[in-house]
1. If I go through region 25-59 residue by residue, how many of them are of a type in the set (A, V, I, L, M), more than 30 Å from D121 (Cβ to Cβ) and surrounded by fewer than 17 Cβ atoms within 10 Å (Cβ to Cβ)?
2. For residues that are modelled with pLDDT of 95 or more and of a type outside the set (A, V, I, L, M), scanning just region 46-58, find the one that is farthest from the chain's Cα centre (by Cα).
3. Taking region 402-414 as the search range and keeping residues that are closer than 15 Å to V361 by Cβ and surrounded by fewer than 12 Cβ atoms within 10 Å (Cβ to Cβ), which one is modelled with the lowest pLDDT?
4. Output yes when any residue across region 246-255 is crowded, with 17+ Cβ neighbours inside 10 Å and within 26 Å of Y358 (Cβ to Cβ), and no when none is.
5. Sort through D228, D240 and tell me the only one that's out of contact with any helix residue (DSSP H, G or I) (no Cβ under 7 Å at 6 or more places or on another chain), surrounded by 15 or more Cβ atoms within 10 Å (Cβ to Cβ) and not aliphatic (A, V, I, L, M).
6. Exactly one condition in (1) farther than 17 Å from G309 by Cα; (2) outside any loop (DSSP other than H, G, I, E, B); (3) touching a residue at least 40 places away in the same chain (Cβ under 8 Å) is false for L258; which is it?
7. Mind checking whether some residue in region 55-64 is free of Cβ contacts under 8 Å to residues at least 60 places away in the same chain, among the aliphatic types (A, V, I, L, M) and assigned to a strand (DSSP E or B)?
8. If you check V173, V202, V179, which single one turns out to be within 31 Å of the chain's Cα centre (by Cα), surrounded by 14 or more Cβ atoms within 10 Å (Cβ to Cβ) and farther than 24 Å from G230 by Cβ?
Amino acid sequence: MGSFRDVRMMGFASRTLVHDALQWIDAQTPRCGSEAVPLAHCAGRILATDVIAAMSVPEFARSAMDGYALRAAETTGAGDYNPLTLQLLGEAFPGRAFEGEVVPGTAVRLMTGAPLPRGADAVLPVEFAQEEGQQVQILAPVPSGKHIGTPGEDVQAGQLLLSAGRRLRPQDVAILASVGIAEAVVVGRPSVLILATGNELVAPGQVRQPYQIYDANSSMLRGLIERDGGVVTAARMLPDGRDILRDALTATAPDVILISGGSSVGAEDHAPGLVRELGDLPIHGLAMRPSSPAGIGRIGKSLVFLLPGNPVSCLCAYDFFAGRAIRQLGGRGSQWPYPTLTAPLDRKLVSAIGRLDYARVRISDGKVEPLALSGASVLSSTVRADGFVVIPEEIEGYGAGTEVKVFLYDAVGSSG
């Protein structure tokens, strides 16, 4: 454990560059272990191992159409004015084969997906045939191999079906099911504890006393954690108090602990000192706006993120730091899960050398319109915004007309 040094009411001696903080996180986030999960619950999970197909799909030749299995050579010359007659032997259905053989002069009625009978080499669609009793009139020619699903045309036994690290989409789950897999080995989901601190907080729906505010950060963080593949083990709202917070920090050992509020150097900001005392807090204070009071450390096996209480700062610090850790622990990689676009600024965006800025913006008439850069407590700015622009530390901003990369909170137009 690190030695305790009380820095409350002393300010930040220095601020860590965002790039350096990200490097520290990347070194602390090996992928979680794996677990076998029933296929019904695998959509959205990260595959932990390569999957090799143990069988071919299909394993047998099957009809791709409702129609008639026959010998293609016997349909040569058939037409509406020259119907050719074949003897109907029987029928086949998916899961129920015709046990006989198609010999010259015969055909078998069959449905889509039915096994192709022995002796047949083509399927004539039903619209080009006409049954009359135990005979079928052939009204069009069909080439050999037509309308037949061949063995292994979808999946070949022994092929690499899906690679480790893939985020399983519904169609990926389906192809695993098609080769008989009942459960997949996926990366474990990191466990996350949310601690929202402050005497001023009250849960939404509860009676609010004068000067209290509703806790908005817990709901926001839960949604972000679930988006990034984490599992919220608990979300607790704590009054200010060193012993209360200490008890919460030592009660369990999740993969990640998020502390919302009390992250700075005020008189009631107990979290930084406790993390130092119980573990290590190598990063406290960041060269960015908003979220400068954020901190990053570790208590035992748990990564701890000190997130500012102001909602925009909380969102920004989560996205830059905690979200990255949760995604990497869960095998999802470090990149933001935001679509992007590039468009010109309609007016300048100002920053300062040595500080990274997270600027909320709107997209209007194909241009990027900045919203207020200040106001870390103005949560509605993120609701009005379509996304954000990152201004790196080494520049003083972007001039009007500059093409900038926008990280979109959602796809453009998806809000209806």
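1. We begin by selecting, within region 25-59, every residue of a type in the set (A, V, I, L, M); these are 25, 27, 36-37, 39-40, 43, 46-48, 51-55, 57.
Cutting the leftovers down to more than 30 Å from D121 (Cβ to Cβ) gives us 25, 27, 36-37, 39-40, 43, 46-48, 51-52.
If we keep only those that are surrounded by fewer than 17 Cβ atoms within 10 Å (Cβ to Cβ) as well, we get 27, 36, 39-40, 43, 52.
Of the residues in region 25-59, 6 are of a type in the set (A, V, I, L, M), more than 30 Å from D121 (Cβ to Cβ) and surrounded by fewer than 17 Cβ atoms within 10 Å (Cβ to Cβ).
2. S56
3. Looking at the filtered set, the residue picked out is D410.
4. Within region 246-255, the first condition is being crowded, with 17+ Cβ neighbours inside 10 Å, and the residues that meet it are 248-249, 254-255.
Filter once more, keeping what is within 26 Å of Y358 (Cβ to Cβ): 255.
Looking through region 246-255, at least one residue is crowded, with 17+ Cβ neighbours inside 10 Å and within 26 Å of Y358 (Cβ to Cβ).
5. Exactly one residue qualifies, and that residue is D240.
6. With (1) farther than 17 Å from G309 by Cα; (2) outside any loop (DSSP other than H, G, I, E, B); (3) touching a residue at least 40 places away in the same chain (Cβ under 8 Å) applied to L258, the lone miss is (1).
7. Applying the first criterion (free of Cβ contacts under 8 Å to residues at least 60 places away in the same chain) to region 55-64 yields none.
Within region 55-64, none of the residues are free of Cβ contacts under 8 Å to residues at least 60 places away in the same chain, among the aliphatic types (A, V, I, L, M) and assigned to a strand (DSSP E or B).
8. Details: V173 fails: farther than 24 Å from G230 by Cβ; V202 fails: within 31 Å of the chain's Cα centre (by Cα).
Testing whether each residue is within 31 Å of the chain's Cα centre (by Cα), surrounded by 14 or more Cβ atoms within 10 Å (Cβ to Cβ) and farther than 24 Å from G230 by Cβ leaves just V179.
The values are calculated or read from the model by the stated rules, or taken from the named source; none is laboratory data. The model shown is predicted, which means the values in this text are computed figures rather than measured ones. In this analysis, Cβ positions are derived from the backbone assuming ideal geometry, glycine residues included, and neighbour counts consider all displayed protein chains.
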